[in-house]
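**Q** Provided herewith is a single structure, encoded as structure tokens, for subsequent inquiry.
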Amino acid sequence: MIDHLRYSTLKPSRLSYFLVLLFCAVFVGIGGYSALTMEHAGHIITGMNNHIVWGLPHVFAVSLIVAASGALNGASLASVFGVSHYKPIARLSVALAMSLLVGGLLVLVLDLGRPDRLIVAMTTYNFRSIFSWNIFLYTGFLVIGAWYLWMMLEKRFNRYTLLAGRIAFAWRIVLTTGTGCIFGFLVGRNALDSALLAPLFVALSLVMGTAVSVLVMIMLDRWRSVLIDKQLLDSLQRLLVWFLLALLYFSVVHHITNLYVSEHHDVERYMLLGGLSLTFWLGHIVIGVLLPLSLLVFRSASVSDCKRLAISSLLGLLGGSALLYVVIIGSQSTPQDLFPGKTVLASTFGDAGFPAYQPSVWEWGLGFGGVALAMLLCLLLLRILPLLPELRASLTASPE
Amino acid sequence: MLPNKAQAARRLFLQRLGVFSAATALPALLSSTVDAQSSTKGVSSAQRWGLLIDTSKCASGCDACVRGCHEEHGINSTGNEHTDAQWIRKIDLQNNLSGQKSSLPMMCQHCESAPCVDVCPTGASFKRADGIVLVNKHTCIGCRYCVMACPYKARSFIHEPISDQKSWAPRGQGTVESCTLCVHRIDAEKDQQPACAVACTDEAHSAILFGDLNDPDSDIVKAMANQPASQVRSDLQLNTGVRYVKL
Amino acid sequence: MHPISPIRLLQCLLLLLGLTLGWMSVAGERGPVIPKGKGDRCVADTDFMRRNHMDLIVHQRDETVIRGIRDEPFSLVECVDCHAQRDANNEPIRVDAEGQFCASCHTFVAAKIDCFGCHAAVPDGEDQERADGGHWLPNKQLAAFRPHKAAPLKSSVRSTVSSDHDELSSDASE
């Protein structure tokens, strides 16, 4: 594929650029402070306890990781599937994916009980653990991403772009599946003991990744020449519709199969009718799927295409995180059923029920810190590497 | 971990303190003290330690085993049961059909195919040769995946700094812990019992029997020959080392 | 390539000499004040301990945790037993407190250890002994420690260590 485009770095032009930088930096600071406080005082200052051991930081981290894999879409469509109107955003898409992954991983690491022992995690592996495999998948993603970017940046290596793109594409599918599997193979947790989580995570990654890409591109468009032209806009709207439908489909199937298995009833009741029902129905189903779907399908003339896409993306992101909240927190929110056929009359440690999870300000701080870091990293990459196409029009004219 | 440069400087400092010769002797010294004993000492898979809990002897409302365990390991309540360490807990049950009530202690079941061992990214969660499932707190990074994986909810994460530990039971913030079957006691001397079993016997209930599941002459194996003993969540086929009579 | 001028060479040498002298004065005169341990010798030759204690206890740690080998000379509990000081009221002071044994050198060389976040930093007093009476007997342990069986040690280490311990093992076997 010959590159007809000229790329340049992001030039600071508007005040809003610096405001965004400042905003991100402040949140990274808040995140760092939260992490330090948590490491010093212990997880006692979070809402987590020995029932809910993975809390809000995991929701943020998994959201970012899943979005990272999805954000690679632009590049995959351009180089693997040869969709030419995605070509201009291919570089941006890789840089964004890498930044999101780093943000997510950092949240994950800082939520460890002993972040100071990270070196142990990097040097000793238990190869039966999916977690270990994921460490390889994540670092591998960064390496492949960097290589891919390099192949695209350097003219003489352009012919390897297709190869790099294919490898990156395969890798990201495995990565998302692997992330889903972290949750999918927990025999002790009824709500999670399902192979359907893997495809659910892939669908979720497509929605969230596309949504983040859209939002970033629209933000960039306010600062410089336009990234999203009419063709790309249409294509993105259609893609998002399909991804949302896939997400809805797997989510519904997941819950229906769970309802068939009677031992999963307690958990399902908690998610669909109990403490998490609002997050599930309003957050995931209405805000996350139905609203953006109807916006995108019944295109009202009073809203511009661009605005519509932006709003649906924002909703899709919120809804995706809500779904992850329901999956991660929900799966831990009901007592594990140890004695089928028996009722627990009393227990010294919550076998009959325990208080709902209430995330603390430190967890929000850490989570948003990760998001802000991802944004900051992405802006930094855009600032130092020529990742943004200079002239949008040249593409539409090109024969490809 | 320290970068090598810093380490080198520190070793040099030690040298300055007056040592010039001994370093080369270390490997020899280590291998001699260890190898000489490895044949006779250390755990072996000839044994498999386990517990047999007779729920008909276990009294509802009695928590002697829990207190015994906590005392032995210096686990002090902070008043919040949800964040405190819970190595062993008491559960009262009622059969949905017969209405019959029972009571039992629940702790790490020391599974042969332990989910917590499978999922641990660093291998800190491990099974000793004699079947005891432990956390090596020196390599535990506090990811809590094992807590998620445990079907018995037998693992606790330490949420806050701990002080006044017992010298034989080191415990600290940010790592996961669970019942160790009192390894420090049973390793030290023959015929030592875990603290919960001792406490239960002291209370004259004798509901907890400790012993070697591989030894046909042990009390625990004989007792299991007399009455059927079952595993909690036997559907998972984890081959637990803790068994219950009249579950 | 530029030839190195003799002047530059001399400067380098002088700098090196100065650094060495400075280092020697720092280490030799203003070194850490290390509180003395209980008894008259450590579990191994003092010089040897200074240099190798970290490797010894970390090795011991894995032996104990993974292979269940206890009652060994390099147990951390033992270090604390002998090396914890007592204050005016005869209360034990944490070995990792400022100026105390395990902190003395470490502060000096800016090494950080987290061991005492979990491990007891004071010996268990007689009054809070365990139900089974406790099995930590330093003498028994030392008797079990027979470095003279080892492959050749450097002579200085071998002589001090093995003679000490031969005496001890005969004491303990009575």
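The values are calculated or read from the model by the stated rules, or taken from the named source; none is laboratory data. This is a predicted model, so every value here is computed, not measured. Neighbour counts are summed over all protein chains in view; Cβ atoms, including those assigned to glycine, are modelled from backbone coordinates with ideal geometry. Ligands, DNA and RNA are stripped out before the accessible areas are found, and what is left, the full protein with its side chains, is counted by its heavy atoms. Shrake-Rupley method; radii C 1.70, N 1.55, O 1.52, S 1.80 Å.
**Q** Between B:SER98, B:SER102, B:SER77, B:SER113, which is part of a loop (DSSP other than H, G, I, E, B) and in contact (Cβ under 8 Å) with a residue 40 or more places away in the chain?
**A** B:SER113
**Q** Going through B:CYS196, B:CYS179 one at a time, which residue ends up being of a type outside the set (Phe, Trp, Tyr), under 29 Å from B:THR122 (Cα atoms) and in the same structural domain as B:ASP63 (by TED's automatic domain parsing)?
**A** Working: B:CYS196 fails: under 29 Å from B:THR122 (Cα atoms).
On inspection, the qualifying residue turns out to be B:CYS179.
Residue-by-condition table, conditions (1) over 30 Å from A:THR37 (Cβ atoms); (2) buried (at least 23 other Cβ atoms within 10 Å of the Cβ); (3) facing chain A (nearest Cβ under 8 Å); (4) touching an Asp or Glu at 6+ places or on another chain (Cβ under 8 Å):
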residue	(1), (2), (3), (4)
B:ARG128	yes, yes, no, no
B:ILE132	yes, yes, no, no
B:LYS137	no, no, no, yes
B:CYS140	no, yes, yes, no
B:GLU160	no, no, yes, no
B:GLN165	no, no, no, no
B:LEU181	yes, yes, no, no
B:PRO194	yes, yes, no, no
B:CYS200	yes, yes, no, no
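**Q** Also: Please tell me if A:ARG172 is under 19 Å from the mean Cα position of the chain (by Cα), away from every other protein chain (no Cβ under 14 Å) and more than 14 Å from A:ARG91 (Cα to Cα). Lay out the reasoning, then the answer.
**A** On the way: under 19 Å from the mean Cα position of the chain (by Cα): yes; away from every other protein chain (no Cβ under 14 Å): yes; more than 14 Å from A:ARG91 (Cα to Cα): yes.
In short, yes.
**Q** Step by step: first the residues of the stretch C:65-121, then only those that are aromatic (Phe, Trp, Tyr) and crowded, with 21+ Cβ neighbours inside 10 Å, then the one that is farthest from the other protein chains (Cβ to nearest Cβ). Which residue is that?
**A** C:PHE101
**Q** Filter the stretch A:177-232 down to the residues that are among the aromatic types (Phe, Trp, Tyr), within 14 Å of another protein chain (Cβ to nearest Cβ) and over 19 Å from A:VAL59 (Cβ atoms) and list them by number.
**A** Listed by number, the list holds a single entry, A:PHE185.
**Q** (1) open to solvent by 30 Å² or more (accessible area, probe 1.4 Å); (2) in a helix (DSSP H, G or I); (3) over 21 Å from A:SER321 (Cβ atoms); (4) of a type outside the set (S, T, N, Q): which one isn't true of A:GLY145, the others all being true?
**A** Against the list (1) open to solvent by 30 Å² or more (accessible area, probe 1.4 Å); (2) in a helix (DSSP H, G or I); (3) over 21 Å from A:SER321 (Cβ atoms); (4) of a type outside the set (S, T, N, Q), A:GLY145 comes up short only on (1).
**Q** Quickly run through the stretch A:1-51 and pick out the residues that are under 28 Å from A:PHE349 (Cβ atoms) and open to solvent by less than 40 Å² (accessible area, probe 1.4 Å). If you could, list the steps in order and put the result at the bottom.
**A** Residues of the stretch A:1-51 under 28 Å from A:PHE349 (Cβ atoms): A:37-51.
Hits for the stretch A:1-51 are A:THR37, A:MET38, A:ALA41, A:GLY42, A:HIS43, A:THR46, A:GLY47, A:MET48, A:ASN49, A:ASN50, A:HIS51.
**Q** I'd like the full set of residues that are over 12 Å from B:ARG128 (Cα atoms) and facing another protein chain (nearest Cβ under 7 Å), limited to the stretch C:48-64.
**A** Residues satisfying the conditions are C:PHE48, C:ARG50, C:ARG51, C:ASN52, C:ASP55, C:HIS59, C:ARG61.
**Q** For the condition open to solvent by 30 Å² or more (accessible area, probe 1.4 Å) and under 29 Å from A:LEU112 (Cβ atoms), what is the one hit in B:SER56, B:SER60, B:SER113?
**A** B:SER113
**Q** Still on this structure, I have one more. Tell me which residues, restricted to the stretch A:78-116, are more than 14 Å from chain B (Cβ to nearest Cβ) and without any contact (Cβ under 8 Å) to a residue 12 or more places away in the chain. Steps first, please.
**A** Keep residues of the stretch A:78-116 that are more than 14 Å from chain B (Cβ to nearest Cβ), which gives A:78-104, A:106.
Correct list: A:PHE81 only.
**Q** Being open to solvent by 30 Å² or more (accessible area, probe 1.4 Å), in contact with a strand residue (DSSP E or B) (Cβ under 9 Å, 6 or more places away or on another chain) and in a helix (DSSP H, G or I) is the filter here, so list the residues in the stretch B:202-221 that pass it.
**A** B:ASP219, B:VAL221
**Q** Another question, then. Restrict the check to the stretch A:57-68 and report whether at least one residue is surrounded by fewer than 23 Cβ atoms within 10 Å (Cβ to Cβ), at pLDDT 95 or above and either farther than 27 Å from C:GLY117 by Cα or among the hydroxyl-bearing types (Ser, Thr, Tyr) (or both).
**A** no
**Q** Taking the condition of a type outside the set (Gly, Ala, Ser), assigned by TED's automatic domain parsing to the domain that holds B:TYR145 and farther than 25 Å from C:ASP114 by Cα, does B:GLN173 pass?
**A** Judged against the criteria, B:GLN173 is not a match.
**Q** Suppose we filter the stretch B:212-231 for residues that are touching a Lys or Arg at 6+ places or on another chain (Cβ under 9 Å) and not charged (D, E, K, R); how many remain?
**A** 10
**Q** A follow-up question, please. Name the pairs whose Cβ atoms lie under 7 Å apart, with the first residue in the stretch A:257-281 and charged (D, E, K, R), the second open to solvent by less than 60 Å² (accessible area, probe 1.4 Å) and outside any helix (DSSP H, G or I), and 6 or more positions between them or separate chains?
**A** What qualifies is A:ASP266/A:THR334.
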